[in-house]
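The values are calculated or read from the model by the stated rules, or taken from the named source; none is laboratory data. The structure displayed is predicted, hence computed values, not measured ones. No Cβ is skipped: glycine too gets one built from the backbone with ideal geometry, and neighbour counts run over all protein chains shown. Accessible surface areas use protein heavy atoms only, side chains included; no ligands, DNA or RNA. Shrake-Rupley method; radii C 1.70, N 1.55, O 1.52, S 1.80 Å.
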Amino acid sequence: MKDMTKIKGKLAIVLKDKDGNIKDERNVNNLVVDTGLAYIASRMKDATANPMTHMAVGSGTTAPSANDTDLQSILGSREVLDSTDVTGASVAFSCGFEAGEGTGAITEAGLFNSVTGGTMLCRTTFAVINKGASDTLSIVWTVTISA
């Protein structure tokens, strides 16, 4: 018997202008980094590791690497997740970056268990999303475990 368990993530990103009109919308795959894999294993043992609570966006363009522990160049600060929902073998982390939060040329995102430091579960990079000061950005980051 051969078990081929996989952990993958996907982001649904929506950028809206101040009037709520969609300016950009895309789906992006991510990398579950080494610290994220170790985090998942530790949570199976017990609940001593804090749950994922924050998301951040940045302007780094270096491709994700398994040994990443933070974003390359954060824009603003890590934002508290709006919700976390479990459905079957998937967890959906939702976060909104309101007007004035995470403003700039966004090219990367990360999922964390602390407002600073802590553990990064996932990181991704993508083609630039230009978020103006009055724009809002929402990200639903779904991590799925499958065979």
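Amide H contacts under 5 Å for THR53: PHE112, ASN113, SER114, restricted to partners 5 or more places along the chain or on a different chain, H placed in the peptide plane at 1.01 Å from N.
Rounded to the nearest Hz, the phi-derived 3J(HN,Hα) couplings of the stretch 58-64 under the Karplus curve 6.51 cos²θ - 1.76 cosθ + 1.60 (θ = phi - 60°) are x, 10, x, 10, 5, 4, x, where x marks glycine and proline.
Overall, the ratio between the Cα radius of gyration of the stretch 12-72 and 2.2 N^0.38 Å, rounded to two decimals, is 1.48.
Couplings for the stretch 96-113, taken from phi via the Karplus curve 6.51 cos²θ - 1.76 cosθ + 1.60 with θ = phi - 60°, read x, 9, 6, 3, x, 9, x, 7, x, 8, 7, 9, 8, 8, x, 10, 9, 10 Hz in order; Gly and Pro are left as x.
Cα extents for the stretch 64-144 along the principal axes, largest to smallest and rounded to whole angstrom: 36, 27, 24.
Solvent-accessible area of the chain (1.4 angstrom probe, protein heavy atoms only): carbon and sulfur portion equals 54 percent. Label-to-label distance for ILE74 and LYS6 is 3.2 nm, based on points extended 7 Å past Cα in the beta-carbon direction. Each helix, a run of at least 4 DSSP H residues, gives -39500 (n - 2.57); summed and divided by the residues of the chain, these come to -2500 deg cm²/dmol at 222 nm.
Computed with a 1.4 Å probe over protein heavy atoms only, the accessible surface of the chain comes to 52 Å² per residue. The coefficient of translational diffusion for the chain, derived via Stokes-Einstein from the alpha carbon Kirkwood radius under 20 °C and 1.002 mPa s, stands at 138 µm²/s.
Could you work out the mean projected area of the convex hull around the alpha carbons of the stretch 44-89, in square nanometres to one decimal?
Computing the convex hull of the Cα atoms and averaging its projections yields 5.0 nm².
Seen against the Cα atoms of the chain and their longest principal axis, helix 34-45 is set at about 50 degrees. Rounded to the nearest Hz, the phi-derived 3J(HN,Hα) couplings of the stretch 117-131 under the Karplus curve 6.51 cos²θ - 1.76 cosθ + 1.60 (θ = phi - 60°) are x, x, 10, 9, 7, 9, 9, 9, 10, 7, 4, 4, 10, 8, 9, where x marks glycine and proline.
Only four residue types carry charge here, +1 at the Cβ of Lys and Arg and -1 at the Cβ of Asp and Glu. Report the dipole size of the chain about the Cα centre in Debye, rounded to the nearest 20.
Once rounded to the nearest 20, the dipole reads 420 debye.
Each peptide in 105-115, 36-46 gets a packing score, the mean of other Cβ atoms within 10 Å over its residues, and the list from highest to lowest is 105-115, 36-46.
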